[in-house]
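The values are calculated or read from the model by the stated rules, or taken from the named source; none is laboratory data. Values in this document were obtained by computation on a predicted structure and should not be read as measured data. Neighbour counts run over all protein chains shown; Cβ positions are idealised from the backbone, glycine included.
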Amino acid sequence: MANSAAPGPVPARTATIDRLALREPIFVSDLHLCAQRPRTLQRFLALLGEIGGNAAELVILGDLFEYWAGDDTLASEGGQAPGGEDPGADDRVGVEVAQALRRIASRNTNVYLMHGNRDVLLGAQFVQDAGAQLLADPAIASIGTQAAPARAGLATLLAHGDAYCTLDLPYQAFRRQARDAQFQAAFLARPLAERRQLIGQARALSETSKRQLAMQIMDVTPEAIAQAMRSAGVRHMIHGHTHRPARHDFLLDGAPATRWVLPDWDLDATPPRGGGLRWSAGELRTLSL
Amino acid sequence: MVRLHTNHGVIGIELDAERAPKTVENFLKYVRLGHYDNTLFHRVINGFMIQGGGFEAGMRQKPTAASVENEATNGLRNTKYTVAMARTSDPHSATSQFFINVADNDFLNHSAPSGQGWGYCVFGKVVEGIDVVDKIKSVRTSRSGGHQDVPEEDVLIERAEADA
């Protein structure tokens, strides 16, 4: 449990769930919440207000936040960032989102949270503050589970999605490192100001290299998807990460299979983007904002 | 046979030592050590499963012994009223926690010997007190101590007994 007296924030590696039954879930991912995108934050908070108590589950498949420097930002008073901007603004976003998630969790909407590539350092404290449960990546959900008559739902693989961008070798090397427990512990042991600075540098680099790479490298590879679904024994999958919202119907080993890709959110862009998926009346439907 | 004496009645579980030898041995070890006495069914999801064997009242987690190999390749399926080992996302991490399926949960079965495909090892089935399981699966639940789907009133395994 999260009552340790360790000096740094505690990574949330333990106690993850990899199988779950969902009754009437809403799926979102890639919200990239931060103080710089106030409309996106407001729309997400409004969505939480709308679904509080009305959806059985909210499932967040990664990249809830634009970045996460460690759970100690939840208690941080801000301080001065080297670049002059106010890191306290993003810290307040984290606190506000945790409180909003906790409100719907206390109204019996179960909140499930998966790490993305940007917020892989979301830790035990945030998960607890948000009243959420951490999902393994990938996890398998039975969607549309019914109590009476007892019926299992649609077996569906849930993932952030970055693990299947297998052609992006440098990214996969980074991903392995970022998810390594020792690397995380060492990183979190650095002072918060230093972590903010390192994350800022990494994000600047990532933006540059993204612009230079051919677009297809950034998408998932069909072989990796097929392998993951085969291994999990499922014919349905939901993921985010690629910012290419779609429903892909295809043949997996000769039988029909479906992969849904969640949209990213940016309500501050023109045109605004966002949304998700909702299980309703026995099927997955697009959730428009 | 193992009998779980709960505050809702007795659940009799027939173990399949032939198909899941290591898992059954592991389970019986915890039974004989008295590990399950005064533990909770702490995760109850009607339509899915009821899970217990790891927490005492107040959601205090009990220490466990080393984990047991996942024998989910044994062909036993997670059908209604079968009993299987709970674990973390590491396939071979089961210790004391187990669950009783209250639906046919095909998605928990073994599909491949890697990562997500390992599945959950069935090692027995409920042969007495199905009505007790049905009572437990229907209790009211809420969030407690960082966990979801926790019964609002404790569902307690007062003691567990093994035949012979």
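Restricting the search to segment B:86-107, which residues are farther than 21 Å from A:Thr156 by Cα and among the aliphatic types (A, V, I, L, M)?
Answer for segment B:86-107, where residues must be farther than 21 Å from A:Thr156 by Cα and among the aliphatic types (A, V, I, L, M): B:Ala94, B:Ile100.
Taking segment B:135-145, which residues are more than 15 Å from the chain's Cα centre (by Cα) and in contact (Cβ under 8 Å) with a residue 12 or more places away in the chain?
Within segment B:135-145, B:Lys135, B:Ser138, B:Val139, B:Arg140, B:Thr141, B:Ser144, B:Gly145 qualify.
Residues being at pLDDT 95 or above, at negative phi and small (Gly, Ala, Ser): count how many of those fall in segment A:256-275.
Matching residues across segment A:256-275 total 1.
Just one of the numbered conditions (1) in contact (Cβ under 8 Å) with a residue 40 or more places away in the chain; (2) in contact with a helix residue (DSSP H, G or I) (Cβ under 9 Å, 6 or more places away or on another chain) is not true of A:Pro263; which one?
Only one criterion in (1) in contact (Cβ under 8 Å) with a residue 40 or more places away in the chain; (2) in contact with a helix residue (DSSP H, G or I) (Cβ under 9 Å, 6 or more places away or on another chain) is unmet by A:Pro263, namely (2).
For segment A:138-152, which positions are more than 7 Å from chain B (Cβ to nearest Cβ) and surrounded by fewer than 24 Cβ atoms within 10 Å (Cβ to Cβ)?
Residues satisfying the conditions are A:Ala139, A:Gly144, A:Ala148, A:Pro149.
Filter segment A:116-146 for residues that are part of a loop (DSSP other than H, G, I, E, B) and touching a residue at least 60 places away in the same chain (Cβ under 8 Å) and give the result.
Listed by number, the residues that qualify are A:Gly116, A:Asn117, A:Arg118, A:Val120, A:Leu121, A:Leu122, A:Gly144, A:Thr145.
Does A:Ile238 satisfy the condition of being part of a strand (DSSP E or B), hydrophobic (A, V, I, L, M, F, W, C) and touching a residue at least 12 places away in the same chain (Cβ under 8 Å)?
Spelling it out, A:Ile238 is indeed part of a strand (DSSP E or B), hydrophobic (A, V, I, L, M, F, W, C) and touching a residue at least 12 places away in the same chain (Cβ under 8 Å).
Could you give me the residue pairs with C-beta distances under 6 Å whose first residue belongs to segment B:1-24 and is at negative phi, whose second residue is in a strand (DSSP E or B) and among the basic types (Lys, Arg) wherever it lies, and which are 6+ apart or on separate chains?
B:His5/B:Arg159; B:Val10/B:Arg3; B:Gly12/B:Arg3; B:Glu14/B:Lys125
Before we move on, is B:Val83 in contact with a strand residue (DSSP E or B) (Cβ under 7 Å, 6 or more places away or on another chain), surrounded by fewer than 23 Cβ atoms within 10 Å (Cβ to Cβ) and more than 10 Å from every other protein chain (Cβ to nearest Cβ)?
Against the criterion (in contact with a strand residue (DSSP E or B) (Cβ under 7 Å, 6 or more places away or on another chain), surrounded by fewer than 23 Cβ atoms within 10 Å (Cβ to Cβ) and more than 10 Å from every other protein chain (Cβ to nearest Cβ)), B:Val83 does not qualify.
I'd like to verify a number: residues in segment A:225-255 that are exposed (fewer than 15 other Cβ atoms within 10 Å of the Cβ) and farther than 19 Å from A:Ala141 by Cβ, how many?
Total satisfying the criteria: 7.
A quick yes/no check of all residues on (1) without any contact (Cβ under 8 Å) to a residue 40 or more places away in the chain; (2) more than 13 Å from chain A (Cβ to nearest Cβ); (3) out of contact with any Gly (no Cβ under 7 Å at 6 or more places or on another chain); (4) in a loop (DSSP other than H, G, I, E, B):
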{"position": "B:Pro91", "(1), (2), (3), (4)": "yes, no, yes, yes"}
{"position": "B:Gln116", "(1), (2), (3), (4)": "yes, no, yes, no"}
{"position": "B:Gly124", "(1), (2), (3), (4)": "no, yes, yes, no"}
{"position": "B:Val132", "(1), (2), (3), (4)": "no, yes, no, no"}
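Considering each residue of segment B:131-146, count those that are crowded, with 16+ Cβ neighbours inside 10 Å and under 28 Å from B:Gly12 (Cβ atoms), and give that number.
Adding up the residues that qualify gives 6.
All but one of (1) more than 9 Å from chain A (Cβ to nearest Cβ); (2) not in a helix (DSSP H, G or I) hold for B:Val31; which doesn't?
(2)
Across segment A:97-115, which residue is farthest from the other protein chains (Cβ to nearest Cβ) among those that are of a type in the set (Val, Ile, Thr) and not in a loop (DSSP other than H, G, I, E, B)?
A:Val97
Could you list all residues from segment B:56-78 that are more than 23 Å from B:Glu158 (Cα to Cα), touching a residue at least 40 places away in the same chain (Cβ under 8 Å) and part of a loop (DSSP other than H, G, I, E, B)?
B:Glu69, B:Asn70, B:Glu71, B:Gly75, B:Leu76, B:Arg77, B:Asn78
Restricting attention to segment B:147-160, and to residues there that are part of a loop (DSSP other than H, G, I, E, B) and touching a residue at least 40 places away in the same chain (Cβ under 8 Å), which single residue is farthest from the chain's Cα centre (by Cα)?
B:Asp154
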